[in-house]
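Here is the structure we will look at.
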Amino acid sequence: MTGEAAIVVKNLDMGYGDFVLMRNLNFTVNRGDVFIIMGGSGCGKSTLLKILVGLKNPSRGQVLYGDTDFWSTDPDTKERIQRRFGILYQSGALWTSMTLAENIALPLEQYTQLKPGQIREVVSLKLALVGLAGFEDFYPSEISGGMKKRAGLARAMALDPDILFFDEPSAGLDPVSSRLLDELILELRESLKTTVVVVSHELASIFTIGNNSVYLDIEEKTMTASGDPRKLRENSRNPNVHRFLTRGEK
Amino acid sequence: MLKLTEPDPAGLSLTTPTADRLLVRLSGNWKITAPLPTAFDVGKSFESNKGIRRIAFDTKRLGEWDSGLLTFLIKIFEGCSNSNIEVDKEGLPEGVRRLIELATAVPERKGARKEGKKEAFLFMVGEKAVAFCRSSLEMLDFLGEAFLAFTRLLRGQASFRRSDLTLLLQECGAEALPIVSLISILVGLILAFVGAIQLKLFGAQVYVADIVAIAMVRVMGAIMTGIIMAGRTGAAFAAQIGTMQVNEEIDALRTMGIAPVEFLLLPRVIALIIMMPLLCIYADIMGILGGLIVGMGMLDVNPIEYLNRTQECLTLTTFWIGLFHSAVFGVLVALSGCLRGMQCGRSASDVGYAATSAVVTGIISIIVATAVITFLCEVLQL
């Protein structure tokens, strides 16, 4: 159902204390989009993601989920909205005292009425979807960085969220795993109509999965482009955007 | 706009259009947030009708779906595979088919699954004994490295940052004053209270000053400061170094040719060796002050008289024994914290375990050291 707004960002300023990182951000993430937040290092991509998911207050502006202004609504509504998110953090952020199965089962135990047997089945399915079938009883300290990331994704998908947020999903993954992750993101979008918001500067991945994007320009301290990243690569007249999307080669 | 799912419950009906074909009709919303039918009913159909050789699906009335439907179907497919029943997936939504294909695309890695096995009691005892020996060896190894680091320090060849030492002196010293003050005054109060009750019986209230002064200055001031520092600073050392282990910062030091034990341990031990005796003197004064409060408030002892008694009963030997205790405790607390930090695993829970372990090791070593020093003082008639 592309076209229906899932997230609307209006006049958003973000920063730390008196330091303004980005100002006047305005964009819409449609339902079913794979939306890429891109820009050079230090431009505030991860900060914007934190504002979208409720981990950091914006300096000014609105983040609308449906008709609800996320940052001015009451805590209960905010929590209800957050329950529709799945978030994959840069390092996976798995709880180290729990096995992979327990990591994925926790949100299922908290928010569903599934019986333990059914939860085990969902856990196995999620791990299988990220290529970790059979690793249920492993602790995060017993698996590699790439596997942690995939397990983090399995946990993010546990409740089949409406919106999945990914912070640098390809970082630390081998090329094959990275491609499989891209395929999975597209599959989730096609099959479950999941909206995906990705922070990334991996060009190959951006062009493969992204159909909408925003470019945060660290020099201008605001967004200087938005839209389909492939079209931006071909048509953007902004030199910074063009340099970024062509790795500065042209 | 995010839509709230209508509570249209998941439905399951089974029919057999032909003798060898089972048709599974799915209806409603199959979402994991609501109660769902289980694959058990389908399994019962197989058992009751042995002639079924094929299974098909009708999803015309299927609403929204998610992993709840996928897990249900995977369970059915497993059952069909075990019973050699052919599965016709044509009736399933395309998205469902693709996701199931994706889930089964990467086969389970051989040997990945951990088998739950029950160990024999003797095996577990053996494991514990081996782990204890390994831990003791690690401790000896660490002490050896610490000794070498100190010899390099004495030769002026040790490498650590002087700014680290300054910061640690501040953390271990000035920042510990509030908690040392509180605990020491309370210990002085308690000693005076306990002594006063007995001394009152003999009309010898003024000797409460002797009890408090000798106990605090000889050993209690040092012990209490040591225990405070084990809980406060020893745990902090273990957590800091443990977190460095988790973040591979220790590995980075090693690969740069910097000995981690020397770089991390020396400033911490030096800081505590310098600050512990000073904190101990401070704790002694606070303890005596606590005793004075009880002496004045409960026993009507004149403060000048109390301080005179305190001065008379304290000898320089008592004072030096107290300071020696505190210096030893400083070394033990620093070594315990750094040892447990260096032994820390690679996860957040390991850092917590390292901090706890550092406190336990610190306190035990303080008590053992006190016993040894007390025994030596007795032998040397000090």
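Brief remarks follow.
- Within the stretch A:30-50, considering residues that are aliphatic (A, V, I, L, M) and crowded, with 23+ Cβ neighbours inside 10 Å, the one nearest to A:P75 (Cα to Cα): A:L48
- In the stretch B:51-73, the qualifying residues are those that are within 14 Å of another protein chain (Cβ to nearest Cβ) and among the β-branched types (V, I, T), and the one that is farthest from B:A19 (Cα to Cα) is B:T71.
- From the list A:K149, A:K126, the lone residue that is within 28 Å of A:G44 (Cβ to Cβ), surrounded by 19 or more Cβ atoms within 10 Å (Cβ to Cβ) and either not polar (S, T, N, Q) or not assigned by TED's automatic domain parsing to the domain that holds A:C43 (or both) is A:K149.
- Considering each residue of the stretch B:74-83 in turn, at least one proves to be under 47 Å from the mean Cα position of the chain (by Cα), under 29 Å from B:T18 (Cβ atoms) and either within 7 Å of chain A (Cβ to nearest Cβ) or in a loop (DSSP other than H, G, I, E, B) (or both).
- Criterion: of a type in the set (A, V, I, L, M, F, W, C) and outside the structural domain of A:S46 (by TED's automatic domain parsing) - qualifying residue of A:L181, A:L232, A:L216: A:L181
- Residue check for B:L102: at the interface with chain A (Cβ under 9 Å from one of its Cβ atoms), at pLDDT below 85 and in a helix (DSSP H, G or I): yes
- Among the residues of the stretch B:304-317, just one is in contact with a helix residue (DSSP H, G or I) (Cβ under 6 Å, 6 or more places away or on another chain) and either of a type in the set (S, T, N, Q) or surrounded by fewer than 12 Cβ atoms within 10 Å (Cβ to Cβ) (or both), namely B:T310.
- Only one entry in B:T317, B:T310, B:T356, B:T370 is assigned to a helix (DSSP H, G or I), within 14 Å of chain A (Cβ to nearest Cβ) and out of contact with any strand residue (DSSP E or B) (no Cβ under 8 Å at 6 or more places or on another chain), namely B:T356.
- One residue alone among A:L125, A:L108, A:L132 is within 9 Å of chain B (Cβ to nearest Cβ), part of a loop (DSSP other than H, G, I, E, B) and not basic (K, R), and that residue is A:L132.
- Candidates B:L165, B:L154, B:L137, filtered to the one that is surrounded by 10 or more Cβ atoms within 10 Å (Cβ to Cβ) and within 17 Å of B:V269 (Cβ to Cβ): B:L165
- A Cβ distance below 7 Å, combined with a sequence gap of six or more or placement on separate chains, defines the contacts here; from the stretch B:260-275, residues that are over 17 Å from B:T151 (Cβ atoms) and of a type in the set (F, W, Y) reach no residue that is outside any helix (DSSP H, G or I) and at pLDDT 95 or above.
- Residues that are within 14 Å of B:G221 (Cα to Cα) and surrounded by fewer than 17 Cβ atoms within 10 Å (Cβ to Cβ) within the stretch B:168-180 comprise B:L177, B:I179, listed in sequence order.
- Odd one out for B:L382, checked against (1) assigned to a helix (DSSP H, G or I); (2) more than 18 Å from B:G234 (Cα to Cα); (3) of a type in the set (A, V, I, L, M): (1)
- Close pairs (7 angstrom Cβ cut-off, 6 or more residues apart or separate chains): within 19 Å of A:V196 (Cα to Cα) in the stretch A:74-88, loosely packed, with under 15 Cβ neighbours inside 10 Å anywhere: A:R83/A:Y111
- Here B:G295 passes the criteria (1) over 39 Å from the mean Cα position of the chain (by Cα); (2) surrounded by fewer than 23 Cβ atoms within 10 Å (Cβ to Cβ) except the one numbered (2).
- If you go through the stretch B:220-235 and pick out every residue that is among the aliphatic types (A, V, I, L, M) and over 22 Å from B:G291 (Cβ atoms), you end up with 3.
- Members of the stretch B:86-121 that are touching a residue at least 24 places away in the same chain (Cβ under 8 Å) and more than 26 Å from B:D66 (Cβ to Cβ): B:E86
The values are calculated or read from the model by the stated rules, or taken from the named source; none is laboratory data. Computed from a prediction, not measured in an experiment: that's the story for all the values here. All Cβ positions, glycine included, derive from the backbone under ideal geometry; neighbour counts span all protein chains shown.
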